[in-house]
Amino acid sequence: MTTVRRVPDPAALLPPIEPFRVKAVEQVHVRTRAERDLALSRANLNLFALRSEDVTIDLLTDSGTCAMSAAQWGALLTGDEAYAGSPSFERFDKAVREIFGFEYVLPVHQGRAAERLMIAALCSPGDAVPANAHFQTTRANLESFGVHAVDLPSPEFWQFAEPLPFKGNLDTVALERFLGRNGRAKTPFVLITLTNNPCADQPVSMENIRTVRAITSEHGLPLYFDACRFALNAWLIRAREPAYARASVPELVREMFSYADGCLFSAKKDGLAHTGGFWATRSKPVAERAAAQLLLAEGFLTYGGMTGRDLDAIAIGLRDALDEEYLRYRIDTTAYLGTRLIAESVPIIAPPGGHAVYLDVAQIVGHLSPEQNPGQALAIEIYREGGVRTLRMGLRPGPEAGRQEPVELVRLALPARVYTRNHLDYVARVVGNVVRRAGDLSGVQSILTPSLLGGFRSIAGEAAKPG
Ligand SMILES: Cc1ncc(COP(=O)(O)O)c(C=O)c1O
């Protein structure tokens with residue numbers, strides 16, 4: 001009998017590389033410290049008010065800031081701009097149906113427009129919508145319509161230092177309790193945000209999705225997804241949920257969405273596009289109500305606030321986002337930044353998320369009170385140190401969320417296919433330098449905090465001052 005010695009695949013022994021090469025470059029601007037100080041004071045310490053030319057590495061968001069592929073740029077020239085019946089829409093519609101499996105697809109100019117279609121089609125004032133967590137725009141849109149947005153994150157999420165695999169899950173015990181108390185009359189649907197961006201972009205497991213589906217079915221309720229980062233979530237299911245280790249990503253996506261009645265989507269994330277999105281559903285009457293809102297606020301049914309060329313770029317981007325080499329690179333890159341930050345002794349929410357790493361602000365500037373806006377103070381200092389723009393994110397958990405005290409995070413979001421590992425090494429050094437002297441940081445005082453979407457205009461509002 002002969003024994004066959006397995007020879008390892010030599011490629012598997014090599015370090016991971018970016019699965020693309022660079023075709024066009026854009027200047028990165030490096031300012032002096034004095035210039036950054038001036039930029040900060042001109043912006044009244046509001047990082048949203050900085051000119052992007054004064055930012056060296058921009059980690060404010062991954063939304064619409066990705067690098068498109070050569071095929072996407074090419075499609076911008078061939079897009080068909082007909083008002084109605086454009087083949088660009090047919091390609092977009094086909095891609096969405098094939099990937100997600102929904103019957104009715106309504107194009108919109110970005111994710112929050114999809115939120116408004118969903119609310120117009122499904123909600124009435126006085127309702128409550130439970131979710132693993134609502135993204136800020138979803139919450140603001142629900143609340144502006146008189147709907148209560150209820151966050152029910154998994155209790156595991158609050159263990160910030162524990163690298164548990166699915167900290168983005170919805171707390172199903174809390175959901176049962178909520179539905180038992182509120183009944184179905186005032187609950188139009190349940191929402192799962194994939195990945196859970198407000199909760200440090202942690203993924204949701206297939207098991208959790210299935211359990212939530214079972215609970216919603218039992219109560220006769222629809223289940224919708226906020227699918228902005230669906231491909232990253234699918235990849236993380238495959239990497240972390242043993243039963244799915246051998247499934248292909250498109251298969252996983254089909255299974256995930258088979259449990260949903262519909263979804264909202266911002267193509268600025270896993271659509272790998274600079275604009276756009278859609279709202280989709282299986283229900284004809286619901287689609288008809290949403291279509292009325294689409295016509296009122298966005299545009300005709302076959303473009304919905306986008307151009308034909310945007311529709312084509314998204315059709316390609318959606319398929320690119322499911323490419324396994326791309327997904328491996330994307331998740332490895334975020335994990336790499338997490339590892340480099342940990343090496344600099346920076347406390348992060350563990351494990352790193354799909355598209356971003358989140359800093360545990362309380363561990364870094366615990367000496368600052370909530371009134372001193374610790375997250376914003378930290379984000380300002382990171383910019384001052386090295387021109388790296390980040391985003392302060394605040395969580396205001398409600399009584400149902402298993403925690404009452406507000407939480408401050410700073411998000412370092414990685415635009416897809418934009419920055420190299422050298423850039424990330426630079427970022428880790430900048431943040432490490434700030435964290436080493438964080439005990440000396442003083443807070444900032446908010447001069448104006450708008451009631452709606454204050455975090456977006458920055459907690460420091462149109463302006464803040466040292467405080
Ligand atoms: C999870 C989630 N939902 C909804 C949105 C809103 O999408 P848009 O910015 O395209 O309006 C975002 C944007 O960052 C998001 O991250």
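The values are calculated or read from the model by the stated rules, or taken from the named source; none is laboratory data. Here the structure is a predicted model, which means the values were calculated and not measured. Neighbour counts run over all protein chains shown; Cβ positions are idealised from the backbone, glycine included. Only protein heavy atoms, including side chains, enter the accessible area calculation; ligands, DNA and RNA are left aside. Shrake-Rupley method; radii C 1.70, N 1.55, O 1.52, S 1.80 Å.
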Solvent exposure of region 304-357 as accessible area per residue, Å², 1.4 Å probe: 30
Sorted peptide list for 133-142, 48-57, 241-250, criterion being average Cβ within 10 angstrom, highest first: 133-142, 48-57, 241-250
Extension gain from LEU38 to LEU295, taking 0.36 nm per residue of separation minus the Cα-Cα distance: 88.0 nm
Inter-label distance for GLU162 and GLU371, nm, one decimal - labels placed 7 Å from Cα along Cα-to-Cβ: 3.5
Only Lys, Arg (+1) and Asp, Glu (-1) charged, at Cβ; the chain dipole about Cα centre in debye: 340
The chain - share of DSSP beta bridges that are antiparallel (%, nearest 5): 65
Partners for LYS167 among lysines (Cα-Cα distance below 21 Å; same-chain residues under 8 apart left out): LYS269
Accessible-area value, MET393, 1.4 Å probe, nucleic acids and ligands omitted, Å²: 10
Net length gained if the chain between ASP425 and GLU176 were fully extended (0.36 nm per residue, minus Cα distance): 85.2 nm
Set of lysines near LYS23 by C-alpha distance (under 20 Å), chain-local residues within fewer than 8 positions excluded: none
Listed residues VAL434, SER369, GLN72: farthest to the positive end of the dipole of the chain (Cβ charges): VAL434
Per-peptide average of other Cβ atoms within 10 Å, ordering 222-230, 437-445 highest first: 222-230, 437-445
Full-extension gain in nm, GLU251 to GLU26, via 0.36 nm per residue minus C-alpha separation: 77.4 nm
